[in-house]
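S.K.: Structure incoming, see below.
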Amino acid sequence: MDALRTEKKAAIIPLQTLTLFIIPRHPQVDTFDLPAETAPVHCVVVDNHRSPRSLHCATDLKFQNVPLSTTPSLEYRKEFLMAVHHMPAELPWLVNGRRVFVFGPETQSVKEMRDLLHYLGADVGLGPLQCDIIMCHRIYQSQIDTLPNLLELKKRDCDFILWGRSFAEESGSQTPVKMFPGAGGMVSITWEALDDDDGLVWCTEFANLTRKHHHLMHWGCVLHPDVHANLVKACDDDARSPEAIDRCQRTLLQVRRMMDIDVIQIATPGEIHPFGDLQGRQATFTLLQRLQFSWSRCHRNFVLIDKPDPERQVGVEMGGIEELTVKQFVDTYVSPPKI
């Protein structure tokens with residue numbers, strides 16, 4: 001197995017009762033089309049039914065340095081899958097009897113991971129709501145919002161594990177890491193909610209709590225650029241009442257104070273949906289969807305704060321994004337503290 005972890009190539013020859021693995025050992029070998037005398041190999045034979053006692057090769061083949069493996073097929077396959085999918089030797093988060101759901105389409109890698117988890121003693125035959133662990137391949141991380149009941153799973157004591165290799169990342173990013181850790185999260189507020197008395201209340205409480213080493217220190221807020229631009233314009237809008245202008249000015253002051261201490265940030269162009277002319281609530285919601293992908297290794301909760309609308313149900317899940325009013329956010333995450 002050490003050779004499989006370090007070598008770039010290996011030949012696998014499946015037979016009816018045996019599986020033959022040929023691993024080049026010569027540092028200059030880049031092909032298997034060389035004579036055995038000039039390309040020494042390690043030849044490992046695995047019996048599909050029992051450990052082999054002898055190695056039978058054709059008389060015209062002269063293999064050098066041929067150690068005989070006595071590893072049973074099942075044990076070898078487990079070690080092989082551990083190496084292929086870059087799983088550590090010890091998995092403290094995975095013990096016998098844990099219920100694991102592997103998220104993703106029925107690809108070869110997903111099937112192999114289910115087999116490996118089964119070999120390790122996990123129960124992989126249940127749906128996501130019945131599981132303790134959700135595993136997601138890095139390739140499918142951007143599709144995690146399609147997992148049914150994602151918000152409910154994040155509310156539970158459920159672990160999310162990111163595994164596998166993504167070609168969009170550095171080659172070192174292959175070992176399993178946790179997704180959606182901690183109890184904090186990212187918030188984004190719509191212009192309709194910010195342009196309201198409750199919007200100023202939320203800004204004030206959010207700022208005060210983050211200064212007091214509260215658990216909300218693990219929270220952050222990202223504003224859509226349109227929301228910030230609307231707030232700036234509203235401060236000088238002569239069509240508004242003096243009271244509304246004063247409220248907007250105080251809200252803008254609070255927002256800029258929180259921007260100075262990095263509690264609030266303005267979304268960058270890369271965080272905004274590049275297609276379509278999204279506006280209002282939909283633009284903020286799409287921003288949070290993209291943040292849930294890019295910040296999934298740092299935060300667990302992603303909350304859209306909107307103004308109450310009698311025609312729209314508020315407080316429901318939308319692909320892992322939680323939609324709340326200002327009052328609901330304060331009641332859920334501020335008082336009492338959610339740790």
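The values are calculated or read from the model by the stated rules, or taken from the named source; none is laboratory data. Fair warning: this is a prediction, and the values are worked out from it, not measured in the lab. Here Cβ is always computed from backbone atoms with ideal geometry, including for glycine, and neighbour counts include all displayed protein chains. Surface accessibility is based on the protein's heavy atoms, side chains included, excluding ligands, DNA and RNA. Shrake-Rupley method; radii C 1.70, N 1.55, O 1.52, S 1.80 Å.
S.K.: If you go through the range 152-161 one residue at a time, do you hit one that is open to solvent by 80 Å² or more (accessible area, probe 1.4 Å), assigned to a loop (DSSP other than H, G, I, E, B) and modelled with pLDDT of 85 or more?
M.R.: Yes, the range 152-161 contains a residue that is open to solvent by 80 Å² or more (accessible area, probe 1.4 Å), assigned to a loop (DSSP other than H, G, I, E, B) and modelled with pLDDT of 85 or more.
S.K.: With the range 20-137 as the region, which strands (runs of 3 or more DSSP E) entirely inside it contain at least 1 residues that are modelled with pLDDT under 50? So that I can check it myself, show each step before the final result.
M.R.: Working: elements: 41-47, 100-103, 133-137.
So the answer is 41-47.
S.K.: Within the range 225-237, identify whether any single residue is in a loop (DSSP other than H, G, I, E, B), surrounded by 15 or more Cβ atoms within 10 Å (Cβ to Cβ) and at pLDDT below 90, and answer yes or no. I'd like the intermediate steps shown before the answer.
M.R.: Narrowing the range 225-237 to residues in a loop (DSSP other than H, G, I, E, B): 235-237.
From what is left, the residues that are surrounded by 15 or more Cβ atoms within 10 Å (Cβ to Cβ) are 235.
Imposing the further condition that a residue be at pLDDT below 90 reduces the set to none.
Checked the range 225-237: no residue is in a loop (DSSP other than H, G, I, E, B), surrounded by 15 or more Cβ atoms within 10 Å (Cβ to Cβ) and at pLDDT below 90.
S.K.: Out of curiosity, is Arg240 assigned to a loop (DSSP other than H, G, I, E, B) and of a type in the set (Lys, Arg)? Write out each step before concluding.
M.R.: Values: assigned to a loop (DSSP other than H, G, I, E, B): yes; of a type in the set (Lys, Arg): yes.
For Arg240, the condition - assigned to a loop (DSSP other than H, G, I, E, B) and of a type in the set (Lys, Arg) - is met.
S.K.: Going by what's in this entry, would Lys307 be described as at pLDDT 80 or above, over 23 Å from the mean Cα position of the chain (by Cα) and assigned to a loop (DSSP other than H, G, I, E, B)?
M.R.: Numbers: at pLDDT 80 or above: yes; over 23 Å from the mean Cα position of the chain (by Cα): yes; assigned to a loop (DSSP other than H, G, I, E, B): yes.
It is true that Lys307 is at pLDDT 80 or above, over 23 Å from the mean Cα position of the chain (by Cα) and assigned to a loop (DSSP other than H, G, I, E, B).
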